[in-house]
Amino acid sequence: MAANEMDVFANEEKRNLELGGHVGFDSLPDQLVSKSVAQGFCFNILCVGETGIGKSTLMNTLFNTTFENEEASHYESEVHLRPQTYDLQESNVNLKLTIVHTVGFGDQINREQSYKPILEYIDAQFESYLEEELKIKRSLFNYHDTRIHICLYFIAPTGHSLKSLDLVTMKKLDSKVNIIPVIAKADTVSKSELDKLKIKIMSELVSNGVQIYQFPTEDEAVAEINSSMNSHLPFAVVGSLEDIKVGNKMVKARLYPWGSVQVENENHCDFVKLREMLLRVNMEDLREQTHARHYELYRRCKLEEMGFKDTDPDSQSFSLQETYESKRKEFLLELQRKEEEMRQMFVNKVKETEAELKEKEKELHDRFEQLKRMHQDEKRNLEEKRRELEEEMNAFNRRKVAAETLMGQALQGCSQQPFKKDKDKKNFFSLPSACSLTSGRNLN
Ligand code: GTP
Ligand code: MG
């Protein structure tokens, strides 16, 4: 079918027809509900707040159960995140709930980078969902979606306003996740202080351009309650697992010497408002916003980073195949360029090494020549010395022969004279040894 023909069909007005009787497609919403119920739901909550601010207690109070609770120490060298997943069931609805706690948040001296691990965690969940989406064999139907649907940001009740750590962290997270700020341990401040604190926090968030989650007001059914709840933000909450008897009912409360703070009493705190908004009215909207707004933004940026785009500069539609081909070409060219660069580098290196080797060889050769000359000089000197020594030896031998001849003659002279006295006899016997001694000394 030609493109202009299709345009004609698209522009054609739709006609309303009356049905002759019951057809049955009005059961479609019921089909959807039963399919969703059979499939189950997942909901992921991120609790960001200082160590010991009451994150675990609030989660336990919210879901009316006791989750695993490991107390964090105040001496963590950096912030890390601890996710825990639970399977919960209410009536016939299954909920896979993941609660992620920040561990060590606000405990470091330098808190400039405290938001980073949180941001990285949120991105990592988006990334694994995107990877699943881009797989050839996708199984999104039974994929465990770990993307964060809501970030409960716990604000300390002490102080006059937000800390800079709170502002920086919320600012960094607001384009990645739905943020609901809560004032923790609201029972520790008076009502008038709490009201002032709420106003101050909201004005600081607005003046710093921090986007917090707004309960949707488009749907008429929830518009009224949601818009009134938007004006109660940030919720001042109290958590407790202690049950006390009020009248003939058991209620969750915190007990003090002067009385009790009831968690579910709306005059005492905003816990009920938070539970209503989070779990009973807007859970699906939070899931939808996560997918349609935050994940969509992440996906768009990621795909653009990878070189994909929907339209080229001339607004011609761009096919995935073309994008892949052009990206591949770009990659191959880059690879070629890199290869050439490396080859050139290698050649230069070889040339440099060759020149160095030549230099070394020349140095060695010079040194060899110098040693050779020294050796020849030495040899010549030794030759000279040897000649001198030989001459000395010859002269000595000549002297020795002359001395021996003289000695022989002297001995002959001695043997021809008679012995006169005993003294002479003694001299006679000592003579040869004296002669030999003399000759021996000469020899040496
Ligand atoms: P880490 O996981 O160790 O960072 O702590 P956390 O933020 O989970 O705090 P947790 O719920 O363990 O509570 C710490 C302490 O604060 C406990 O002694 C709680 O009883 C107390 N606490 C929790 N919620 C409240 C609250 O609403 N009001 C008051 N006054 N105390 C609370
Ligand atoms: Mg905890």
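The values are calculated or read from the model by the stated rules, or taken from the named source; none is laboratory data. These figures come from a predicted structure and were not determined experimentally. Note that each Cβ is placed from the backbone with ideal geometry, even for glycine, and that neighbours are counted across all protein chains shown. Just so you know, the surface numbers come from the protein's heavy atoms only, side chains and all, with ligands and any DNA or RNA stripped out. Shrake-Rupley method; radii C 1.70, N 1.55, O 1.52, S 1.80 Å.
Just a few scattered comments:
- Residue in the range 107-125 that is of a type in the set (K, R), within 16 Å of ligand 1 (Cβ to nearest atom), surrounded by fewer than 16 Cβ atoms within 10 Å (Cβ to Cβ) and within 33 Å of the chain's Cα centre (by Cα) present: no
- Across the range 68-87, the qualifying residues are those that are of a type in the set (A, V, I, L, M, F, W, C) and more than 9 Å from ligand 2 (Cβ to nearest atom), and the one among them that is surrounded by the most Cβ atoms within 10 Å (Cβ to Cβ) is V79.
- Remark: pairs (first residue in the range 36-65, farther than 30 Å from F141 by Cα and among the aliphatic types (A, V, I, L, M); second residue open to solvent by 10 Å² or more (accessible area, probe 1.4 Å) and within 16 Å of ligand 1 (Cβ to nearest atom); Cβ separation under 8 Å; 6+ apart in sequence or on different chains) = I53/A156; I53/K185; L58/G239.
- For T65, the conditions (1) open to solvent by 40 Å² or more (accessible area, probe 1.4 Å); (2) within 11 Å of ligand 2 (Cβ to nearest atom); (3) of a type in the set (S, T, Y) are fulfilled apart from (2).
- Inter-residue pairs, beta-carbon under 9 Å, first basic (K, R) and in the range 227-249, second surrounded by 14 or more Cβ atoms within 10 Å (Cβ to Cβ), 6+ apart: K245/V251
- Matching residues, the range 269-298, being in contact with a Phe, Trp or Tyr (Cβ under 8 Å, 6 or more places away or on another chain) and acidic (D, E): D270, D285
- Those residues of the range 235-251 which are within 11 Å of ligand 1 (Cβ to nearest atom) and modelled with pLDDT of 90 or more, in sequence order: A236, V237, V238, G239, S240
- Qualifying residue in the range 97-104 (condition: open to solvent by 20 Å² or more (accessible area, probe 1.4 Å) and more than 15 Å from ligand 2 (Cβ to nearest atom)): no
- Flag if E90 is more than 9 Å from ligand 1 (Cβ to nearest atom), open to solvent by less than 50 Å² (accessible area, probe 1.4 Å), farther than 25 Å from K163 by Cα and without any contact (Cβ under 8 Å) to a residue 12 or more places away in the chain: no
- Filtering the range 56-76 to residues that are under 20 Å from V251 (Cα atoms) and within 6 Å of ligand 1 (Cβ to nearest atom) leaves S56, T57.
- Test: residue in the range 24-46 that is hydrophobic (A, V, I, L, M, F, W, C), within 16 Å of ligand 2 (Cβ to nearest atom), within 30 Å of I183 (Cβ to Cβ) and out of contact with any Pro (no Cβ under 7 Å at 6 or more places or on another chain): yes
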